[in-house]
């Protein structure tokens, strides 16, 4: 976790660091990318599909983070072939005893 927080380029393979730095900047600056050099390197290091996948992952993580910070946090897990739908309460995710 510390390496992800520091994001020291020496701690990652260059291609991985580029994706992480791009994701960090995307989240910090709400999609407005101030470092055009990083954008160019990101675009040349990843295919269009890989960039879409990275953006989808970053967007989902950003949504989940904002959702969990709203104060409500209860959400529905849809049913699957082997299970019924269920509501997960924010307190359950934080390990609070529901007793």
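For the pair residue 1 and residue 33, a Förster radius of 22 Å applied to the C-beta separation gives a FRET efficiency near 0.35, rounded to the nearest 0.05. Provide the FRET efficiency to the nearest 0.05 for the residue 61-residue 89 pair, computing r from the beta carbons and using R0 = 22 Å. Once rounded, the FRET efficiency stands at 0.55. Ellipsoid fit via the Cα gyration tensor, region 2-72: semi-axes of 22, 15, 11 Å, each the root of five times an eigenvalue, largest first.
Throughout, read-outs are computed from the coordinates displayed, never taken from laboratory work. Bear in mind the structure is a predicted one, so any value in this text is a computation, not a measurement. Using ideal geometry, Cβ is built from the backbone for each residue, glycine included, and neighbour counts are taken over all protein chains shown.
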